Amino acid sequence: MAERNMVNLTITMTKEERKALKQIALDKDMTVSALLREWLKEYQIQEGAEKNG
């Protein structure tokens, strides 16, 4: 991964949600951070497609 200016992010969630998030990342063989970046990218692509109709 190219070097980036990274920041820390704090998210409040239940223990069950945290466990589920960690399990999804584990199933995909990636970190939770990478999983969230992937989801964000997919969301941005989807939003862009909807706006461009």
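Nothing in this text is a laboratory measurement; each read-out follows from the coordinates by a stated rule. Keep in mind that this is a model prediction, so the values were computed, not measured. Methodologically, a virtual Cβ is constructed for each residue, glycine included, from the backbone with ideal geometry; neighbour enumeration extends over all protein chains shown.
Values computed for the structure shown
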| read-out | value |
| --- | --- |
| Residues located in segment 37-53, provided they are within 14 Å of the chain's Cα centre (by Cα) and either surrounded by fewer than 12 Cβ atoms within 10 Å (Cβ to Cβ) or in contact (Cβ under 8 Å) with a residue 24 or more places away in the chain (or both) | Trp39, Leu40, Lys41, Glu42, Tyr43, Gln44, Ile45 |
| Residue check for Leu21: in contact (Cβ under 8 Å) with a residue 12 or more places away in the chain, part of a helix (DSSP H, G or I) and at negative phi | yes |
